[in-house]
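Participant: What follows is a single structure, and I will ask about it in a moment.
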Amino acid sequence: MSRTIIPIGPYHPLQEEPEFFQLVVDGEKIVDAVANIGYNHRGIEKLSELKSFDQATFVVERICGICSNSHPLAYVQAVEDIIGADCVIPERALYIRTVTAEIERIHSHLLWLGLAGHFLGYNTVYMWAWKEREEILDILEELTGNRNNYAMNKIGGVRRDLNKDSFGGVIKRLNKLIEFMVMIKKAVLDDPVLHIRLKGVGILTQKDCIDYCALGPTSRASGIAKDVRKDEPYAAYDRISWNVITQNEGDVFAKVVVRILEIFESIDIIKQCLRKMPDGPIDAHIKDIPPGEGIGHIEAPRGECFHYVRSDGSNRPVRHKVRAPTFMNLPTYKQSLIGQTISDATIILAAIDPCYCCTERMTIIDANNKKKTFLSQEELIRLSQKKTEDIKNKMGIK
């Protein structure tokens, strides 16, 4: 048997971010796959621990541009969990959080839909989806002041109110998006080429999802109706009516359908929130964070986004831990890839909608015994200083 290793990355047209995959192939068939992460680690958790509780909101907002509402929302909910019953979020703020989150979900799904079309050779879909995505970014700019990194969330509420005069225009734009999505839905469901190209490709069974703890559209495409918005409601999700979208096949086609149908649900959620949004304050004016620990988890576009925060009563977190959805979904790629052909690798990898900058961790491996080593900040500084001393000694510098 002749086997070949085909590298994808760390810099590759398929990937918007650096990541390194090695496909082991026998002819055209993939028989094994290995992922190497760590090319985009930025130490966000450590940076957060050096900032005040309020400043950390802006730091985690920059974990990912597409999820720049998801991470700060999960973070502030973790801090609010520490505060407990004394932190009562105003109703209007809860509705505003929901609106921002769902507009971001549409933005993310349209971005993915366009890229999926590009990977398949349907560049018209790519251009159409991204054209409509521009309209969504315009809505975000109109409501929040920013097309990206919206800076809306704060501990105890939101930073800025929404202008009621803009609601009519937002609903009009969303109705226009519905027309586009109806066309895309019909095009996908009726296209025989897409059926042949995507059905039965990259199947992830329900058992696989449970074994790998898959999240979001990746698991819902395999018939698992899990969604944090419904299972443990936050913001205003328990105040409005909406459905969890699932498909049962678990293949790439099912993942496409789930995301398309979720856009329709998000549009409906936003319209309900704008119509039902109560008047009132938008901020609980939290000043001090007591000692304790809290968790915040929300349903990001890719699945559950989880933040853990610990406080010692000072003005900044002493520990901040982030678990992004791709961290859980990425291991499923191996189960989905093996047995498929090389030509399907790109769309199977893309099907989980990976976000590597959200996911990255850095692991140090001893080259002699191949064992993982965990080094503290002090140890890393000591190694750096030792290297400087070694260089000086070699050069005869005292």
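The values are calculated or read from the model by the stated rules, or taken from the named source; none is laboratory data. Computed from a predicted model, the values in this text were never measured in an experiment. Ideal geometry is used to build each Cβ from the backbone, glycine not excepted, and the neighbour counts take in all protein chains shown.
Participant: Scanning for something touching a Ser or Thr at 6+ places or on another chain (Cβ under 6 Å), under 22 Å from VAL258 (Cβ atoms), assigned by TED's automatic domain parsing to the domain that holds MET328 and not in a helix (DSSP H, G or I), does the stretch 96-109 turn up at least one residue? First the steps, then the outcome.
Facilitator: Pass one, the stretch 96-109, residues touching a Ser or Thr at 6+ places or on another chain (Cβ under 6 Å): 102, 105-106.
Remaining after also requiring under 22 Å from VAL258 (Cβ atoms): 102, 105-106.
With the extra rule that they be assigned by TED's automatic domain parsing to the domain that holds MET328, the set shrinks to 102, 105-106.
Pick out the ones that are also not in a helix (DSSP H, G or I) and you get none.
Checking the stretch 96-109: not a single residue is touching a Ser or Thr at 6+ places or on another chain (Cβ under 6 Å), under 22 Å from VAL258 (Cβ atoms), assigned by TED's automatic domain parsing to the domain that holds MET328 and not in a helix (DSSP H, G or I).
Participant: Given the residues GLY117, GLY145, GLY156, which is the only one that is under 30 Å from ALA187 (Cβ atoms) and in the same structural domain as ALA236 (by TED's automatic domain parsing)? Give the derivation first.
Facilitator: Values: GLY145 fails: under 30 Å from ALA187 (Cβ atoms); GLY156 fails: under 30 Å from ALA187 (Cβ atoms).
From the options GLY117, GLY145, GLY156, the qualifying one is GLY117.
Participant: Give ASP54, ASP32, ASP81 a once-over and let me know the one that is of a type in the set (D, E, K, R) and not assigned by TED's automatic domain parsing to the domain that holds VAL318. Walk me through it before giving the result.
Facilitator: Values: ASP54 fails: not assigned by TED's automatic domain parsing to the domain that holds VAL318; ASP81 fails: not assigned by TED's automatic domain parsing to the domain that holds VAL318.
Answer to the selection: ASP32.
Participant: Can I ask one more? Here's a check for you: in the stretch 275-327, which residue that is of a type in the set (Gly, Ala, Ser) and in contact with a strand residue (DSSP E or B) (Cβ under 9 Å, 6 or more places away or on another chain) is surrounded by the most Cβ atoms within 10 Å (Cβ to Cβ)? Even if it seems obvious, please write down each step before you answer.
Facilitator: Taking the stretch 275-327 first, the residues of a type in the set (Gly, Ala, Ser) are 280, 284, 292, 294, 296, 300, 303, 311, 313-314, 324.
Restricting the remaining residues to those that are in contact with a strand residue (DSSP E or B) (Cβ under 9 Å, 6 or more places away or on another chain) gives 284, 292, 294, 296, 311, 313, 324.
Values: ALA284: 17, GLY292: 15, GLY294: 21, GLY296: 22, SER311: 22, GLY313: 10, ALA324: 29.
In this case the residue turns out to be ALA324.
Participant: Could you list, in sequence order, all residues of the stretch 27-71 that are in contact with a His (Cβ under 6 Å, 6 or more places away or on another chain) and not in a loop (DSSP other than H, G, I, E, B)?
Facilitator: Going residue by residue through the stretch 27-71, those that are in contact with a His (Cβ under 6 Å, 6 or more places away or on another chain) are 45, 48-49, 60, 63.
Of everything in the stretch 27-71, those that are in contact with a His (Cβ under 6 Å, 6 or more places away or on another chain) and not in a loop (DSSP other than H, G, I, E, B) turn out to be GLU45, SER48, GLU49, VAL60.
Participant: Let me ask something else. For residues that are farther than 8 Å from PRO291 by Cα and either touching a Pro at 6+ places or on another chain (Cβ under 7 Å) or not assigned by TED's automatic domain parsing to the domain that holds GLY292 (or both), tally how many sit in the stretch 309-323.
Facilitator: Adding up the residues that qualify gives 1.
Participant: How about the stretch 140-151: which of its residues are part of a loop (DSSP other than H, G, I, E, B) and surrounded by 22 or more Cβ atoms within 10 Å (Cβ to Cβ)? If you could, list the steps in order and put the result at the bottom.
Facilitator: Taking the stretch 140-151 as the starting set, the residues that turn out to be part of a loop (DSSP other than H, G, I, E, B) are 145-151.
TYR150, the sole residue that qualifies.
Participant: Follow-up. Can you tell me which residues in the stretch 84-93 are assigned to a helix (DSSP H, G or I), at pLDDT 95 or above and surrounded by fewer than 23 Cβ atoms within 10 Å (Cβ to Cβ)? Before the answer, list the steps.
Facilitator: So the first thing to find is which residues in the stretch 84-93 are assigned to a helix (DSSP H, G or I), and the list is 84-86, 91-93.
Restricting the remaining residues to those that are at pLDDT 95 or above gives 91-93.
Selection gives GLU91, ARG92.
Participant: Which residues, counting only those in the stretch 65-83, are buried (at least 24 other Cβ atoms within 10 Å of the Cβ) and either free of Cβ contacts under 8 Å to residues at least 40 places away in the same chain or touching a Cys at 6+ places or on another chain (Cβ under 7 Å) (or both)?
Facilitator: CYS67, SER70, HIS71, ALA74
Participant: I need the full set of residues from the stretch 216-234 which are more than 15 Å from the chain's Cα centre (by Cα), in a loop (DSSP other than H, G, I, E, B) and crowded, with 24+ Cβ neighbours inside 10 Å, in order please.
Facilitator: Hits for the stretch 216-234 are ALA221, SER222.
Participant: Across the stretch 108-162, what is the number of residues that are within 22 Å of ARG302 (Cα to Cα), more than 21 Å from the chain's Cα centre (by Cα) and modelled with pLDDT under 90?
Facilitator: 2
Participant: List pairs: first residue in the stretch 165-180 and more than 16 Å from GLU104 (Cα to Cα), second residue surrounded by 13 or more Cβ atoms within 10 Å (Cβ to Cβ) and among the small types (Gly, Ala, Ser) anywhere in the structure, Cβ distance under 9 angstrom, at least six positions apart or on different chains.
Facilitator: Qualifying pairs under 9 Å: PHE180/ALA129.
Participant: Hey, another quick one. When you look at ILE338, is it surrounded by 21 or more Cβ atoms within 10 Å (Cβ to Cβ) and over 30 Å from ILE171 (Cβ atoms), yes or no?
Facilitator: no
Participant: What are the residue pairs meeting all of these: first residue in the stretch 269-291, first residue more than 16 Å from GLY157 (Cβ to Cβ) and touching a residue at least 12 places away in the same chain (Cβ under 8 Å), second residue of a type in the set (Ser, Thr, Tyr) and buried (at least 19 other Cβ atoms within 10 Å of the Cβ), Cβ atoms under 6 Å, and 6 or more apart or on different chains?
Facilitator: PRO291/SER311
Participant: Which of the numbered conditions does VAL76 fail, given that it passes all the others? Conditions: (1) over 21 Å from the mean Cα position of the chain (by Cα); (2) modelled with pLDDT of 90 or more.
Facilitator: Single failed check for VAL76: (1).
Participant: For the stretch 327-343, name all the residues that are hydroxyl-bearing (Ser, Thr, Tyr) and either within 13 Å of ALA35 (Cα to Cα) or assigned to a loop (DSSP other than H, G, I, E, B) (or both). Please lay out each step first, then the result.
Facilitator: Step one: filter the stretch 327-343 for residues hydroxyl-bearing (Ser, Thr, Tyr), giving 332-333, 336, 341, 343.
Within the stretch 327-343, THR332, TYR333 meet the criteria.
Okay, residues lined up against (1) within 22 Å of GLY296 (Cβ to Cβ); (2) in a helix (DSSP H, G or I); (3) within 23 Å of the chain's Cα centre (by Cα):
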{"residue": "ASN175", "(1), (2), (3)": "no, yes, no"}
{"residue": "VAL188", "(1), (2), (3)": "no, yes, no"}
{"residue": "HIS195", "(1), (2), (3)": "no, yes, no"}
{"residue": "GLY200", "(1), (2), (3)": "no, no, no"}
{"residue": "ASP238", "(1), (2), (3)": "yes, no, yes"}
{"residue": "ILE245", "(1), (2), (3)": "no, no, yes"}
{"residue": "ASN248", "(1), (2), (3)": "no, no, yes"}
{"residue": "PHE264", "(1), (2), (3)": "no, yes, yes"}
{"residue": "ASP268", "(1), (2), (3)": "no, yes, yes"}
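Participant: Go through the stretch 185-212 and count every residue that is under 25 Å from PHE327 (Cα atoms) and of a type in the set (D, E, K, R).
Facilitator: Within the stretch 185-212, the subset under 25 Å from PHE327 (Cα atoms) is 198, 200-212.
If we keep only those that are of a type in the set (D, E, K, R) as well, we get 207-208, 211.
Matching residues across the stretch 185-212 total 3.
Participant: Restricting to the stretch 152-191, count the residues that are among the polar types (S, T, N, Q) and surrounded by 13 or more Cβ atoms within 10 Å (Cβ to Cβ). Steps first, please.
Facilitator: First pass over the stretch 152-191, keeping only residues among the polar types (S, T, N, Q): 153, 163, 166, 175.
Applying the additional criterion that residues be surrounded by 13 or more Cβ atoms within 10 Å (Cβ to Cβ) yields 153, 166.
Of the residues in that region, 2 qualify.
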